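Rule-based calculations on the coordinates, nothing more; no lab input. Values in this document were obtained by computation on a predicted structure and should not be read as measured data. For neighbour counting, all protein chains shown are included, and Cβ atoms are generated from backbone atoms with ideal geometry for every residue, glycine included.
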Amino acid sequence: MKSVLISGGAGFIGSHLCDRLLLRTDVQKLVVVDNLWTGLFDNIAHIRDPRFHFVKSDVETLRSSEKFDEIYHLASPASPPWYMKEPKRTISANLLGALRLLELLKKGGRFGFTSTSEVYGDPLVSPQPESYKGQVDCTGPRSSYDESKRCTESLLFEMQRTEGLDLKVVRPFNIYGPRTRPDDGRAVSNFITQALAGRPITVFGDGKQSRSWGYVDDVVDGFARYFWINETDYKGPLNVGNDREISVLEVAQYVSKLVGGVPIVFEPSPPQDPTNRRPDLTNANYVMPEWSCKVSYEQGVAMTLDWFRERLTAGAAE
Ligand code: UDP
């Protein structure tokens, strides 16, 4: 039986991963550490399992003498406006958080880390394989996120090399879906909350920049398979995402159509906005051959819109 700790477990992705972890019969105890900075208690309020324990704390200063068999480190903001506002705190959550959590890992225990496709920066090759070293500006406005994820990867892979750490690192690509904060600030949730309020949809730049949008259920299924289901000899970081690349403008137009039409307005691009992003899934297909993204962006965005609509209706009725 395993004791498991997840940092950032009340967040958008973390809460979905908690639901997956609690499906495991070999998990005896699941401790969630979250400071509710970008996470929301609402995301885990439905969990009634006696194995589940919530600790409200910054991960880097977590007080605990307990050791765990498996630790998954997800605590970090992931939305550009949030991490750009508090860069020091972002670096601390990722890097110091990882250092603190490593102290709580049992000898021989497994450490999972959610890195990011942002390690590729504004990529010059497409699709991006894990071996692509990226194009990141270490003094740029996105660096607190990009570089703290990169440095945490360095820490963990060097521990794998020098101490044999049992390590699983995933690099997700633009995840969206239910449990995103309405004020998260990323594209899909912004477009949906704007459209549902009858406000214009804000497209930054000309909207020709592209992303590979991954529905949360598909991506978290990939995480679960790599973290604890599929055991292979693959030891590197793993791209997990949908490899269908769609422009921001196309997503905006689709959301507008779903609500019967709201205008699209163009606003200045955020600084150093990447022009493109698409995962090379060769390694993912090797590690988890039965995994694939099953939800198209058309279905996923429609389901996310329904979720936001229900949430707004429930909020209005309270
Ligand atoms: N974006 C946009 N309007 C918004 C929010 C984001 O046009 O209201 C654009 C943003 O400039 C970027 C893309 O959508 O080109 C994805 O942005 P997001 O913040 O979702 O993710 P990331 O930049 O981290 O890939």
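Brief remarks on what is shown
- Here the condition is being more than 12 Å from the ligand (Cβ to nearest atom) and on the phi < 0 side of the Ramachandran plot; of 199, 161, it holds for 161 alone.
- Looking only at residues in region 277-299 that are in a loop (DSSP other than H, G, I, E, B) and crowded, with 19+ Cβ neighbours inside 10 Å, the one that is nearest to the ligand (Cβ to nearest atom) is 277.
- Of the residues in region 60-74, at least one is aliphatic (A, V, I, L, M) and buried (at least 24 other Cβ atoms within 10 Å of the Cβ).
- Checking 252, 302 one by one, the residue that is assigned to a helix (DSSP H, G or I) and near the ligand (Cβ under 10 Å from one of its atoms) is 252 and no other.
- Residues that are in a strand (DSSP E or B) and either under 12 Å from the mean Cα position of the chain (by Cα) or crowded, with 17+ Cβ neighbours inside 10 Å (or both) within region 160-176 comprise 167, 168, 169, 170, 171, 172, 175, 176, listed in sequence order.
- Filter result for residue 234 (more than 19 Å from residue 179 (Cα to Cα) and either part of a helix (DSSP H, G or I) or out of contact with any helix residue (DSSP H, G or I) (no Cβ under 7 Å at 6 or more places or on another chain) (or both)): no
- Residue satisfying condition, being without any contact (Cβ under 8 Å) to a residue 40 or more places away in the chain and more than 11 Å from the ligand (Cβ to nearest atom), within set 217, 233, 243: 233
- Assessment of region 204-213 against the conditions (away from the ligand (no atom under 16 Å from the Cβ), surrounded by fewer than 19 Cβ atoms within 10 Å (Cβ to Cβ) and farther than 29 Å from residue 88 by Cβ) yields no matching residue.
- Residues of region 120-149 that are closer than 29 Å to residue 5 by Cα and surrounded by 21 or more Cβ atoms within 10 Å (Cβ to Cβ): 120, 142, 143, 144, 145, 146, 147, 148, 149.
- Criterion: assigned to a loop (DSSP other than H, G, I, E, B), over 23 Å from residue 269 (Cβ atoms), in contact (Cβ under 8 Å) with a residue 60 or more places away in the chain and out of contact with any His (no Cβ under 8 Å at 6 or more places or on another chain) - qualifying residue of 60, 66, 70: 66
- Test: residue 259 is in contact (Cβ under 8 Å) with a residue 60 or more places away in the chain, within 16 Å of the ligand (Cβ to nearest atom), surrounded by 14 or more Cβ atoms within 10 Å (Cβ to Cβ) and farther than 21 Å from residue 212 by Cβ: yes
- Number of residues in region 221-265 that are within 22 Å of residue 281 (Cα to Cα), among the small types (Gly, Ala, Ser) and out of contact with any Asp or Glu (no Cβ under 7 Å at 6 or more places or on another chain): the value is 4.
- Single match in 110, 150 (criterion: part of a strand (DSSP E or B) and either closer than 17 Å to residue 76 by Cα or not aliphatic (A, V, I, L, M) (or both)): 110
- Every pair of residues 6+ apart whose Cβ atoms lie under 6 Å, when the first sits in region 102-123 and is charged (D, E, K, R) while the second is assigned to a strand (DSSP E or B): 106/69; 110/70; 110/166; 122/135
- Pairs meeting the criteria (first residue in region 185-205 and touching a residue at least 60 places away in the same chain (Cβ under 8 Å) and over 16 Å from residue 82 (Cβ atoms), second residue charged (D, E, K, R) and more than 10 Å from the ligand (Cβ to nearest atom), beta carbons under 8 Å, at least 6 apart or on different chains) are 196/309.
- Among (1) among the aliphatic types (A, V, I, L, M); (2) part of a loop (DSSP other than H, G, I, E, B); (3) within 16 Å of the ligand (Cβ to nearest atom) - the single one residue 119 does not satisfy: (2)
- Residue selected from region 36-59 under the condition surrounded by 15 or more Cβ atoms within 10 Å (Cβ to Cβ) and aromatic (Phe, Trp, Tyr), by the criterion farthest from the ligand (Cβ to nearest atom): 52
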